[in-house]
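The values are calculated or read from the model by the stated rules, or taken from the named source; none is laboratory data. Not measured: the values here are computed from a predicted model. Cβ placement follows ideal geometry from the backbone for every residue including glycine, while neighbour counts extend to all protein chains displayed.
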Amino acid sequence: MSAAPGEDRSADSYLPEHGNGGYRVEHYDLELDYQVGPNRLSGDARITAVSTQGLSRFSLDLADLRVRRVLVDGKPAKHTHSGGKLRVRPQRPIAEGTEFRVEVRYSGTPRPVRGRWGEIGWEELTEGSMVAAQPIGAPSWFPCNDHPADKASYRVSFTAASPFSVQVTGNLLSRKQRGSTTTHVFERPEPTSTYLMSVQVGPYTDVELADGEVPQRAAIPARLKELYAVDFGRHGEIMDCLSGLFGPYPFDEYVVVITDDELEDPVEAQGMSIFGANHVDGQRTHERLVVHELAHQWCGNSVTIADWRHIWLNEGFATYAEWLWSERSGGPAAQAHAADWHARIAADLRIGDPGASRMFDPQVYKRGALTLHALRHELGDEPFFELLRRWATEHRHGAVTTADFTALAGEHANRDLDGFFTAWLDRTELPPLPA
């Protein structure tokens, strides 16, 4: 059959305008050339996908960049581009279950995508650029199927002026200078959601983040080196702590980027976290955020939600990791953090289905952590921490739902937990905090 008129909308319950039906992507190969001064990007995206139904046409997500050419399996394809959608009609229909390749050549001035949470995606800095794409910013710099559950592998070749440091989410394969520019080639072999791909360009200095089994490094402004050494000085211990909680770190390395500009919040990407200069003060004021972003590498990045409705699985887990690090590093116990937030938090949101406009409401974070703390009391420490490890290891590089977690928790409890999860996730009233 051919794709129906509505097939360029995804099945996501909150963001149906992002993501596309009829196929799944297996691999993105991006050749990018970037001029920092004029903020000019030229790209050649080669996408390998498999159809999940017969397709006479299909669509990709791409924001306000000029499309120069589209090929499908090497042949020119008719296309239109408007409203953030690149709609493609190949010369011949694609049969169900068929692998096909799309090539899109494009260029322009990349800008953030406007959404209900502000402007998200490619952003110019005072000197350089960054990408913070959660949840809708990926189309600001490459054509994609922008749905969290459509995870693919990546190869990214990025060319920029040689004085600039370039950090792309992935393992660096090569770096070659030609004249005044340098081409950096990165590979992201693990299945990765589009919103977790990132590019960071700036005048950064490379420094070691921590010793350990997992390679950990940072790209920072030289002026912040001494303050950074204090604020990230316990990162090796944090990595060990979270690896103990969630199992082995799921990627080949971990990279921290600190921009010379201030950022409202840190942002996680696949194998990378980005902080602003305002998050570095030499007093470990923001160490909980260092923990939070690292925890997302397991809970959110490797184990990715299949629909944005399940966002508490990302933010509740990362917030509870903050409390567990505090408990295990000599700070207040998780119970103290739980009691504090239980007394302070509003109770007007069902975090199991918060709605698109409140996906990032503080209640999703804090009540999500409270849910996990209450579950810890419900199960006992040994079954609870075994549950955390199983969750992160059995669903490694997969896509999950709340039902997946509640079912696994039920296995560890050896009893029905439907009433417990209904009270904490599906009602606005806040249950009592276990003593």
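Taking every residue in region 43-55 that is surrounded by fewer than 17 Cβ atoms within 10 Å (Cβ to Cβ) and pairing it with any residue that is assigned to a loop (DSSP other than H, G, I, E, B) and among the aliphatic types (A, V, I, L, M), at least 6 positions away or on another chain, the pairs with Cβ-Cβ distances below 8 Å are GLY54/MET1; GLY54/ALA3; GLY54/ALA95. Total residues in region 249-264 satisfying the condition of being under 16 Å from the mean Cα position of the chain (by Cα) and without any contact (Cβ under 8 Å) to a residue 60 or more places away in the chain: the figure is 3. In this structure, PHE275 does not qualify as over 26 Å from SER140 (Cβ atoms), buried (at least 22 other Cβ atoms within 10 Å of the Cβ) and of a type in the set (Phe, Trp, Tyr).
The rows are residues; the columns are (1) in contact with a Gly (Cβ under 8 Å, 6 or more places away or on another chain); (2) buried (at least 22 other Cβ atoms within 10 Å of the Cβ); (3) at pLDDT below 95.
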residue: ALA295; (1), (2), (3): no, yes, no
residue: ASP307; (1), (2), (3): no, no, no
residue: THR319; (1), (2), (3): yes, yes, no
residue: LEU324; (1), (2), (3): no, yes, no
residue: TRP341; (1), (2), (3): no, no, no
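Being touching a Gly at 6+ places or on another chain (Cβ under 8 Å) and buried (at least 19 other Cβ atoms within 10 Å of the Cβ) is the filter; apply it to region 222-253 and report the residue that is farthest from GLU386 (Cα to Cα).
Kept after step one, since they are touching a Gly at 6+ places or on another chain (Cβ under 8 Å), are these residues of region 222-253: 226-227, 230-231, 236, 239-240, 251-253.
Next cut, buried (at least 19 other Cβ atoms within 10 Å of the Cβ) only: 231, 239, 251.
Numbers: ASP231: 30, MET239: 18, PHE251: 21 Å.
Among them, the one singled out is ASP231.
In region 1-32, of all residues being polar (S, T, N, Q) and farther than 13 Å from ARG57 by Cβ, the one that is modelled with the lowest pLDDT corresponds to SER10.
Against the conditions (1) farther than 16 Å from ARG24 by Cα; (2) crowded, with 23+ Cβ neighbours inside 10 Å, HIS79 satisfies every one except (2). Each residue in region 159-177 was checked for being in a strand (DSSP E or B) and either in contact with an Asp or Glu (Cβ under 8 Å, 6 or more places away or on another chain) or surrounded by 21 or more Cβ atoms within 10 Å (Cβ to Cβ) (or both), and 8 of them qualify.
Cβ-Cβ under 6 Å, sequence separation 6+ or interchain: first residue in region 354-374 and over 15 Å from ARG427 (Cα atoms) and in the same structural domain as ARG309 (by TED's automatic domain parsing), partner charged (D, E, K, R) and surrounded by fewer than 22 Cβ atoms within 10 Å (Cβ to Cβ). Which pairs? Taking only residues 6 or more apart or on different chains, the pairs are SER357/ARG116. Of everything listed in (1) at pLDDT below 95; (2) touching a strand residue (DSSP E or B) at 6+ places or on another chain (Cβ under 6 Å); (3) not acidic (Asp, Glu), the single unmet condition for ALA347 is (2). ARG396: basic (Lys, Arg), more than 22 Å from HIS147 (Cβ to Cβ) and more than 14 Å from the chain's Cα centre (by Cα), yes or no? Against the criterion (basic (Lys, Arg), more than 22 Å from HIS147 (Cβ to Cβ) and more than 14 Å from the chain's Cα centre (by Cα)), ARG396 does not qualify. Take region 120-158 and flag every residue that is more than 20 Å from SER193 (Cβ to Cβ) and in a strand (DSSP E or B). Once the filter is applied, which keeps residues that are more than 20 Å from SER193 (Cβ to Cβ) and in a strand (DSSP E or B), region 120-158 yields GLU124, LEU125, GLY128, SER129, SER157.
Filtering region 307-343 to residues that are of a type in the set (Asp, Glu) and under 26 Å from TYR195 (Cα atoms) leaves ASP307, GLU315, GLU322. Would a scan of region 281-294 turn up a residue that is among the small types (Gly, Ala, Ser) and either in contact with a Phe, Trp or Tyr (Cβ under 7 Å, 6 or more places away or on another chain) or free of Cβ contacts under 8 Å to residues at least 60 places away in the same chain (or both)? Scanning region 281-294, I find at least one residue that is among the small types (Gly, Ala, Ser) and either in contact with a Phe, Trp or Tyr (Cβ under 7 Å, 6 or more places away or on another chain) or free of Cβ contacts under 8 Å to residues at least 60 places away in the same chain (or both), so the answer is yes. Checking every residue in region 12-21 against the condition of being part of a strand (DSSP E or B), surrounded by fewer than 18 Cβ atoms within 10 Å (Cβ to Cβ) and without any contact (Cβ under 8 Å) to a residue 60 or more places away in the chain gives zero matches.
Listed by first and then second residue, the pairs linking a residue in region 376-398 that is touching a residue at least 40 places away in the same chain (Cβ under 8 Å) and within 14 Å of ALA334 (Cβ to Cβ) to a residue that is buried (at least 17 other Cβ atoms within 10 Å of the Cβ) and charged (D, E, K, R), with Cβ atoms under 9 Å apart and 6 or more places separating them unless they lie on different chains, are PHE385/ARG376. Among the candidates ARG68, ARG87, ARG114, the residue that is assigned to a strand (DSSP E or B) and modelled with pLDDT under 95 is uniquely ARG114. Residues of region 82-101 that are at positive phi and surrounded by fewer than 13 Cβ atoms within 10 Å (Cβ to Cβ): GLY83, GLY97. Do we have any residue at all in region 379-395 that's assigned to a loop (DSSP other than H, G, I, E, B) and either modelled with pLDDT of 95 or more or touching an Asp or Glu at 6+ places or on another chain (Cβ under 9 Å) (or both)? Yes, some residue in region 379-395 is assigned to a loop (DSSP other than H, G, I, E, B) and either modelled with pLDDT of 95 or more or touching an Asp or Glu at 6+ places or on another chain (Cβ under 9 Å) (or both). Name the residue that is surrounded by the fewest Cβ atoms within 10 Å (Cβ to Cβ), counting only residues in region 178-211 that are in a loop (DSSP other than H, G, I, E, B) and touching a Ser or Thr at 6+ places or on another chain (Cβ under 9 Å). Across region 178-211, the extreme among qualifying residues is GLY179.
Across region 399-423, the qualifying residues are those that are under 25 Å from the mean Cα position of the chain (by Cα) and in a helix (DSSP H, G or I), and the one among them that is farthest from ASP348 (Cα to Cα) is LEU408.
Matching residues to (1) over 25 Å from GLU327 (Cα atoms); (2) touching a strand residue (DSSP E or B) at 6+ places or on another chain (Cβ under 8 Å):
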| site | (1), (2) |
| --- | --- |
| HIS296 | no, yes |
| ASN301 | no, yes |
| ASP307 | yes, no |
| TRP312 | no, no |
